[in-house]
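FYI, it's all coordinate maths here, none of it is from the lab. If you're wondering where the values come from, they're calculated on a predicted model, not measured in any experiment. Cβ placement follows ideal geometry from the backbone for every residue including glycine, while neighbour counts extend to all protein chains displayed.
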Amino acid sequence: MKTFSTAVLGGLFLASGAMAQQATTATAPAASAPFVNPDVGVPVFPYDLTDKPYRVLGEVKAGVRKATVFSKSPSQEKIYKELWERGRKLGADAVINAKYGDAHVTAFSWGKANATGTAVKFLAPGEASPAAPAAK
């Protein structure tokens, strides 16, 4: 009986240590975490990022709809998360110059807010920024 209780206590000790290690690694920030807008929790910004060089991947567009006529208009957080989903599919590190308008009623929706932004990929240190097209 003594070996059974020792084995059980040892197992509990190991399990609690593994859970503590897992909790520590889960809360530690990733070394390559993208910039994040603290207001919305995703790397979508309503302005240009001038402190880090980047390459433009393309324009992203999103439309966020209300569920019913009684639903609230889509929040900035919801709109930015939708833009981020589209930007992430392009391989972007961030979406900049995000803009959106008020929700408006359409033939197919009780309210839809359209949003646009520019998906960008940050350049690695030492990587040359893309050359601007030559003027004619």
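Please label the shape of the range 44-90 as rounded, prolate or oblate, based on the square roots a ≥ b ≥ c of the eigenvalues of the alpha-carbon gyration tensor (a/c under 1.5 means rounded; beyond that, a/b larger than b/c means prolate, else oblate).
Note, shape of the range 44-90 comes out prolate.
Be a star and scan the range 58-89 for residues whose amide nitrogen sits under 15 Å from the point 7 Å along the Cα-to-Cβ vector of Asp39.
In the range 58-89, the label zone of Asp39 (backbone N under 15 Å from the point 7 Å along Cα→Cβ) covers 75-81.
Checking the cross-link filter: which lysines have an alpha carbon closer than 16 Å to that of Lys89, excluding same-chain neighbours under 8 positions apart?
Lys61, Lys81, Lys121
So which chymotrypsin sites (Phe, Trp or Tyr not before Pro) in the range 73-122 end up in coil per DSSP with only 10 or fewer other C-beta atoms within 10 Å?
Here the chymotrypsin sites (Phe, Trp or Tyr not before Pro) that fit, given the DSSP loop and packing criteria, are Phe108.
Applying 1/(1 + (r/R0)^6) with R0 = 25 Å to the Cβ-Cβ distance of Glu85 and Trp110, what FRET efficiency is obtained, to the nearest 0.05?
So, using R0 = 25 Å, E works out to roughly 0.70.
Work out, step by step, the length gained on full extension between Lys78 and Leu49: first 0.36 nm times the residue separation, then minus their alpha carbon distance; give nm to one decimal.
8.3 nm
May I ask for the net charge around His104, where only other residues with Cβ less than 14 Å from the Cβ of His104 are counted and Lys, Arg are +1 while Asp, Glu are -1?
Local net charge: +2.
Quick one: of Lys66/Lys99; Lys52/Lys112; Lys52/Lys78, which pairs are farther than 23 Å apart, Cα to Cα?
Cα-Cα > 23 Å for Lys52/Lys112; Lys52/Lys78; rest within.
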